[in-house]
1. Of the residues that make up region 141-156, is at least one more than 24 Å from Leu268 (Cα to Cα), among the polar types (S, T, N, Q), assigned by TED's automatic domain parsing to the domain that holds Ile259 and assigned to a helix (DSSP H, G or I)?
2. Report whether or not Leu192 is within 28 Å of Leu118 (Cβ to Cβ), assigned by TED's automatic domain parsing to the domain that holds Phe99 and buried (at least 16 other Cβ atoms within 10 Å of the Cβ).
3. Across region 250-266, what is the number of residues that are part of a helix (DSSP H, G or I), of a type in the set (A, V, I, L, M) and either at pLDDT 85 or above or not assigned by TED's automatic domain parsing to the domain that holds Ala102 (or both)?
4. Failed condition for Val226, given (1) in a loop (DSSP other than H, G, I, E, B); (2) farther than 30 Å from Val289 by Cβ, with all others met?
5. Within the bounds of region 279-301, is there any residue that is out of contact with any His (no Cβ under 8 Å at 6 or more places or on another chain), on the phi > 0 side of the Ramachandran plot and either crowded, with 17+ Cβ neighbours inside 10 Å or modelled with pLDDT of 85 or more (or both)?
6. Determine whether region 14-35 contains at least one residue that is part of a helix (DSSP H, G or I), surrounded by 11 or more Cβ atoms within 10 Å (Cβ to Cβ), outside the structural domain of Ala299 (by TED's automatic domain parsing) and at pLDDT below 75.
7. Scan region 158-189 residue by residue and report those that are of a type outside the set (A, V, I, L, M) and either modelled with pLDDT of 90 or more or buried (at least 16 other Cβ atoms within 10 Å of the Cβ) (or both).
8. Identify all residues within region 1-31 that are farther than 30 Å from Arg276 by Cα and touching a helix residue (DSSP H, G or I) at 6+ places or on another chain (Cβ under 6 Å); write none if there are none.
Amino acid sequence: MASLVLGRLLLGAVTLLVASLLVFAGTQALPGDVTTAILGNEATPETRAALVERLGLDHPIHVQYFEWAGRFLRGDLGLSLVNDVPVSRLLDLRLKNTFILALATIIVVVPLSLFLGLLCAAYPNGRLDSSISVVSLFLISLPEFLVGIILVLLFAVYWSVLPATSISGFRSFEHLVRALVLPVLTLTFAILAHMVRMTRAAMLEVMRAPYIEMALLKGASRSRIVLRHALPNALGPIINVIALNLGYLISGVVVVEVIFAYPGLGKLLVEAIGNRDLPLLQAVALIMVAAYIVFTLLADIVARLSNPRLRFKQ
């Protein structure tokens, strides 16, 4: 287990290094001019030159990268070019809101996807399995923005039972729950089908094993076979797909947060791109990459702990 964690940490560090290079290069290639975004079109050349010098934009690109990476490693995310406040302060509340949204979605989607996937695996190729598979394929084909717009039209416009946006701060727990319902439903529809199909595939692969056939011949009930014999050995792929979707919920909710004006990390990323706020944009992008790395590492560890064959495999 120690060698697994060490290897994954080293691989994660290399991945983060490559991602930082891509993020820095991508932000530098954005169209437009930073000084114009900050000072406007009426700024004098002298004012622009002073700002370029203050931001260090007159240095060579590789020098700018190493200065930025060094500050990031020290925990200094820099100042927002638009608000002139520390980036860490802007990230604090937005990151908490995104984690709340991701946690609420996981609480809903994981039990539901496991139940439906196990149900399909317990009765494969039947009418229920076919119905769930058809609905899953239909949900996979729907883009998130379309699902979000349909939910807003139904629950916020026609029936007026839920708020369409979450612009203001959450004044109470009830307000928070009401603000989360539509974004959570949209994200649930987006990832539920994938998790159900992966759970079904992993379970069916295990259900073909000889020891499952032996349990059937001994007269074990279907529920005991699925829950006691098959599920523990199928947890590896299931945990991996849950971790990948959790990473997506942290870094891939841009569309959903923009549709519902949810004050999270994805909406902050869009705002940073629109304002060409490079320090903020770079910090948000690296946090999203780091989230994928951390959740993948946790998935590998939990999969090993849940399956003795993986835990003691040399």
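The values are calculated or read from the model by the stated rules, or taken from the named source; none is laboratory data. This structure is a prediction, so every number in the text was calculated from the model and none was measured. All Cβ positions, glycine included, derive from the backbone under ideal geometry; neighbour counts span all protein chains shown.
1. yes
2. On the way: within 28 Å of Leu118 (Cβ to Cβ): yes; assigned by TED's automatic domain parsing to the domain that holds Phe99: yes; buried (at least 16 other Cβ atoms within 10 Å of the Cβ): yes.
So Leu192 passes the test.
3. Step one: of region 250-266, the residues part of a helix (DSSP H, G or I) are 250-251, 254-259, 265-266.
With the extra rule that they be of a type in the set (A, V, I, L, M), the set shrinks to 250, 254-256, 258-259, 265.
Narrowing further to those that are either at pLDDT 85 or above or not assigned by TED's automatic domain parsing to the domain that holds Ala102 (or both): 254-256, 258-259, 265.
Adding up the residues that qualify gives 6.
4. Condition (1) is where Val226 drops out.
5. No; the residues of region 279-301 include none that is out of contact with any His (no Cβ under 8 Å at 6 or more places or on another chain), on the phi > 0 side of the Ramachandran plot and either crowded, with 17+ Cβ neighbours inside 10 Å or modelled with pLDDT of 85 or more (or both).
6. Yes: region 14-35 contains one or more residues that are part of a helix (DSSP H, G or I), surrounded by 11 or more Cβ atoms within 10 Å (Cβ to Cβ), outside the structural domain of Ala299 (by TED's automatic domain parsing) and at pLDDT below 75.
7. To start, the set of residues in region 158-189 that are of a type outside the set (A, V, I, L, M) comprises 158-160, 163, 165-166, 168-175, 178, 183, 186, 188-189.
Across region 158-189, the qualifying residues are Tyr158, Trp159, Pro163, Ser166, Phe170, Pro183, Thr186, Thr188, Phe189.
8. If we filter region 1-31 for residues that are farther than 30 Å from Arg276 by Cα, which is where we start, we get 1-11.
Hit for region 1-31 is Arg8, nothing else.
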